[in-house]
Amino acid sequence: MRKIIAAIDIGSDKIKLVVGEILKNRLHILASSVTPSLGVSKGFVVDPQALIPKLEEAFQKCENILGVKISKVFLSVPSENSEFFLSEGVSTITNESHSIQNADIIRAMQAATYNKIDNDREIVAIHPISYYINDGENIKNPIGVETDKVMVKCLVTTIPRKNAYTLAKCLEQIGVQVLDFTLGTIGDYSEFQKEMMKDTVGVFINIGYTKTEVSVFNKGLLMNSHTLELGAKNIEQDIMYIYKVTKKDAKEIKETLCSAHKRGVSASIKKTYTNKNGEEVTISEYEATEIASSRIEEILKIAKKEINLLTKKEIHYIMITGGVSEMTNFSILLEEVFGRSAKIGATKELGVRSNIYSTSVGLMKYYEDKYRNREQTLSVLDEEEIKEMCTINKKMSFGENSILGKLFGYFFDN
C-alpha cells in the first residue's frame, strides 16, 4: 500500500497544509496550500468560528489538487509551557523466542509514563535514550536480543492539554481526524537534521509571525525550549507606528520594501501610501529596511541570550527557520549576530521550497520514521481513496489542446 502523509501547521498568520508520499524512503510532495489564518494568536485558538472557515479553505485547496478528501492529518502544536523529564519503564518478554520486539519497547515506554502525567497535560514525545536487560547490562540495539525483561530510559515531553485540544477540536468540526500531534520544533529538526547533529548539541530557532521558538537538541533529542513573544508581526507594528499606515499597508511594505540588512538596498526605490491621517507618505526601500533590520537584529540577539539560559553545554550548530528567514539579506545579519556557526535551513522538496513549510514537511518525515521503526503502516488515505486519487480523469484537469494535454496524449494514447 502506498504511504500518503498529511501534516498541518496552524499559525497566527498562515495555515500551512502539506500532503506527500514516501517512495523509497524519500518524501515527494503531492499537494500543498498556504491560507491566511484567522482566529489564532501566538499559536492558540482565540476564535474558533473565525478559524474553521479558513481550515476548510486550506483543505479544499489540497483536495482540489488530489481529487480526494483529506480526513486524517498530523498536527503541529505550540511548545509554550512544555516540560521535559527522564523516566524508566520495564517490559517483560512474553513471546515464545524470549527475544525483544518493537512491541516490548513500546510497552516499556508506556510503563515509563504510567501515573506520571498530570490530568491537565498531554504527552507529545517519548524518546528512548538507553536500553538495559536483566542485570542492568546496557545495550545499544535491543531488538532481537534474548532476555526476560527490558528496561527503557526515556525522555518524556509534555504540554498543557489546551495547546493541542483546541486546535484538534476545530479540525474535528470540519471532519478531519488528528492522528497524532507533536511540537513544531521537532518537525523543524526532522526537516533539517544532518548526520553530525546525532552526536552533538545544537539549537533550532524558528522566527514566526507572532513568536520565536528557541529549542535545544542534544544528540537529536529535544531537551529544552522557550518561546519569545517576538516575530514578523513586530516589524509590521513598527512600520504602522512610524508611518501611521494601516495594518494592510504595513504588511505590504514589509513584504515588498524590507530586507533584513541594508547592504545593497536602494534609497531610490520608493512607494507612496496614504496614512491614517489622510496624508501621503513616501517610503524608500532603504528606510523600510532600517526598520525591519533593527527589529530582526533585536530578535536574534534576544534568542542568542536565551540559548545561554537554556543550556550550558557547548553549541555545535545553530539552525534558523521560519518565514522571516526567507527575507532578503537575512544571512548577512545572521552572521553579524551569531558568526558562522548559524545557518539558515533550506526546505528543498519540490513544491514547498520555502521555510514557511519546514514544520509541516518535517512532521511528515518525523512520523514516517516513527511508524517505520515500530513496523507499522502509515497512510492518511486507505486503498480506495488512493485508487480514487490516482484516477487519470480526476488527476488531470488540463485540456487536450494544452501543452500538458498533448504530452499526456503522446505518451498514453498510443
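Quick notes on this one:
- When Lys276, Lys194 are checked against the criterion of being under 18 Å from Leu363 (Cα atoms) and among the charged types (D, E, K, R), Lys194 stands alone in meeting it.
- Restricting the range 238-261 to residues that are among the hydrophobic types (A, V, I, L, M, F, W, C) and free of Cβ contacts under 8 Å to residues at least 40 places away in the same chain, the residue that is nearest to Glu290 (Cα to Cα): Leu257
- Residues in the range 103-129 that are of a type outside the set (Gly, Ala, Ser) and in contact with a helix residue (DSSP H, G or I) (Cβ under 7 Å, 6 or more places away or on another chain) were compared, and the one that is farthest from Tyr367 (Cα to Cα) is Asp120.
- Among the residues of the range 120-141, just one is touching a residue at least 24 places away in the same chain (Cβ under 8 Å) and not in a strand (DSSP E or B), namely Asp120.
- Search result, residues across the range 252-273 that are surrounded by 15 or more Cβ atoms within 10 Å (Cβ to Cβ) and either out of contact with any helix residue (DSSP H, G or I) (no Cβ under 7 Å at 6 or more places or on another chain) or charged (D, E, K, R) (or both): Glu252, Lys254, Lys262, Lys271
- Residue match in the range 80-93 (condition: in contact with a Phe, Trp or Tyr (Cβ under 6 Å, 6 or more places away or on another chain), within 23 Å of Tyr366 (Cα to Cα), among the hydrophobic types (A, V, I, L, M, F, W, C) and not in a helix (DSSP H, G or I)): no
- For the residues Lys312, Lys276, the requirement of being within 17 Å of Ser341 (Cβ to Cβ) and exposed (fewer than 12 other Cβ atoms within 10 Å of the Cβ) singles out Lys312.
Coordinate-derived values only; no laboratory data. Here the structure is a predicted model, which is why all the values come from computation and not from measurement. Cβ coordinates were reconstructed from backbone atoms using ideal geometry, including for glycine residues, and neighbour counts include every protein chain displayed.
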